[in-house]
Amino acid sequence: MAAPILELKGIERSYREGEGRLTILKDAAFSLNPGEMVALVAPSGAGKSTLLHLAGLLEAPDSGEVIVGGQACGQLSDDARTAIRRNEIGFVYQFHHLLPEFSAEENIMIPQMITGMAPAEAKARAGQLLDYLRVGHRASHRPAELSGGEQQRVAIARAVANAPRILLADEPTGNLDPKTAGYVFDALEALVRQSGLAALIATHNHELAARMDRVVTLSGGKVVAWTG
Ligand code: ADP
């Protein structure tokens, strides 16, 4: 069996709340295998975004370890953590967060060029990804000229521009009507399946969650299997 691409061990995370502390995660553990697509379903405020931010090295746990590709990240320098985040991890949020003054294609070229890719190569990959996600015909348009579903497809393409090994998504279809959400999820799923990415996707949509390999939830500060 392949080693997990992402592991969270003994994770504690609490926030200050008035005089006391609000504990969100307590001795939480989670492991994601290459090629696996896992849904994270839990009520609002349960800690889904917190878990995704920790997994994506955007914030550090109070204690415990986040291990990416066998590498424990807690003691790494900020630069080393940033490099892992940039090369190994892609994010998709509920809102697209595309740069408004750049075209769809440029939004996908930029993260590649930040890692040193030549513009021509970055442009070619951007084009391939947009075609794959069926928005190739919108490549030269700015985000404001795209529909919500198109914006999310571009955001997905941007998330995987640097061929990460892990995709983290926080309600990626949460802003879309059910039909568009279904189409965008179809595209996301095809991309994940075809590329062998590992994905952890927070969603409120039980129908979409049921299409993934496994569904987990948060209970008592821990990540546990969802039992419906
Ligand atoms: P979800 O994504 O499941 O809606 P979150 O992870 O966003 O949940 O939040 C979990 C809880 O932690 C919420 O009660 C939220 O208010 C609180 N929280 C999240 N981030 C912070 C923060 N930076 N400071 C204080 N409280 C926070």
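Summary of values
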item	result
Glu105 being under 14 Å from Leu168 (Cα atoms), away from the ligand (no atom under 15 Å from the Cβ), of a type in the set (Asp, Glu) and surrounded by 13 or more Cβ atoms within 10 Å (Cβ to Cβ)	no
Helices (runs of 4 or more DSSP H) completely within the range 119-228 that count 2 or more residues being of a type outside the set (D, E, K, R) and away from the ligand (no atom under 16 Å from the Cβ)	119-132, 148-159, 178-195
Count of residues meeting criterion [within 8 Å of the ligand (Cβ to nearest atom) and either exposed (fewer than 15 other Cβ atoms within 10 Å of the Cβ) or farther than 15 Å from Val216 by Cα (or both)] in the range 26-49	3
Set Ala159, Ala199: member being more than 25 Å from Phe102 (Cβ to Cβ), out of contact with any Ser or Thr (no Cβ under 8 Å at 6 or more places or on another chain) and surrounded by 13 or more Cβ atoms within 10 Å (Cβ to Cβ)	Ala199
Residue in the range 7-25 that is farther than 24 Å from Ala190 by Cα, surrounded by fewer than 15 Cβ atoms within 10 Å (Cβ to Cβ) and away from the ligand (no atom under 13 Å from the Cβ) present	yes
Verdict on Gly90 being at pLDDT 95 or above, within 14 Å of the ligand (Cβ to nearest atom) and touching a helix residue (DSSP H, G or I) at 6+ places or on another chain (Cβ under 7 Å)	no
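The values are calculated or read from the model by the stated rules, or taken from the named source; none is laboratory data. The structure presented is a predicted model; accordingly, all values stated were derived computationally and were not measured. With ideal geometry, Cβ positions are generated from the backbone for all residues, glycine too; neighbour counts draw on all protein chains shown.
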